[in-house]
Structure formats: C-alpha cells, structure tokens
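Trainee: I'd like to ask you about the structure that follows.
Since every read-out is calculated from the coordinates, none of them should be taken as a lab result. The structure displayed is predicted, hence computed values, not measured ones. Reconstructed Cβ throughout: ideal geometry from the backbone, glycine too, with neighbour counts over all protein chains shown.
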Amino acid sequence: MSPAWAVRRLRAVDDAPIEALADVLIDCVEGGASVSFMLPLTRERAVAFWRRVAKDVAAGHRAVIVAEDAQGICGTVQLVFDLPE
C-alpha cells in the first residue's frame with residue numbers, strides 16, 4: 001500500500017508549483033498560522049513571495065521541500081543555506 005502523500009525536494013520552482021505554493025501559504029495564513037504574514041494576504045503578495053524564494057532556490061541559497069497528495073502540493077518547508085553568522 002502506497003502512502004497518501006509523498007515528500008520531495010523541488011530542484012526548480014517555476015510557475016506551476018508557485019501557484020500551488022501560494023495556495024498553501026494563503027490557506028495557512030487564513031487558518032491562523034504564524035508564518036511571517038498577516039491577514040489579509042493577497043494572492044499577488046503570496047505569488048511574489050514564492051517568486052523571490054524561486055530565485056534563492058536557483059541561486060543555491062535555499063531548498064524547498066514539498067508534501068504532495070493526490071490533489072498536489074499540500075505542505076512545504078524551506079531550508080535556508082544563506083544565513084548570516
């Protein structure tokens with residue numbers, strides 16, 4: 001029996017995952033999660049955030065790991081490599 005979801009690292013963050021990641025971010029903020037954003041979080045701000053993250057991933061400064069279920073991306077975590085001392 002296969003699991004209901006899987007975890008993988010995104011090697012590149014392009015338009016399709018950005019849209020899904022924006023959905024997850026908006027859902028978290030609307031649900032009251034403490035993720036450095038406050039209500040109201042517009043879709044434009046959420047997408048802009050993930051576009052900045054995508055640049056960091058491309059530059060090798062950050063890793064994005066996603067959890068996916070049958071509907072697509074349902075969770076995410078980031079590992080930031082480029083931090084000050």
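Trainee: Given labels modelled 7 Å from the Cα in the Cβ direction, how far is it in nm from VAL7 to ASP69?
Mentor: If labels sit at VAL7 and ASP69, their model points lie 1.7 nm apart.
Trainee: As a test of the formula, what do you get for the chain when each DSSP H run with n ≥ 4 contributes -39,500 (n - 2.57) and the sum is divided by the residue count, at 222 nm and rounded to the nearest 500 deg cm²/dmol? Write down the numbers at each step before the final one.
Mentor: Values: 2 runs with 33 residues, N = 85.
Using -39500 (n - 2.57) per qualifying helix, the result is -13000 deg cm²/dmol.
Trainee: Pull out the extension gain between ALA16 and ARG52, defined as 0.36 nm times the separation in residues minus the alpha carbon to alpha carbon distance; nm, one decimal. Please report the intermediate quantities before stating the final value.
Mentor: On the way: separation 36, 0.36 × 36 = 12.96 nm, distance 1.49 nm.
Extending this stretch completely gives an extra 11.5 nm.
Trainee: For the chain, what relative contact order do you get, as a whole percent, if you take Cα pairs closer than 8 Å and at least 6 residues apart? Mind showing how you got there, number by number?
Mentor: Working: 102 pairs, mean separation 32.3, N = 85.
Across the chain, relative contact order equals 38 percent.
Trainee: Take the Cα of VAL80, step 7 Å along the line toward its Cβ, and report every residue of segment 30-65 whose backbone nitrogen sits under 16 Å from that point.
Mentor: 34-38, 49-65
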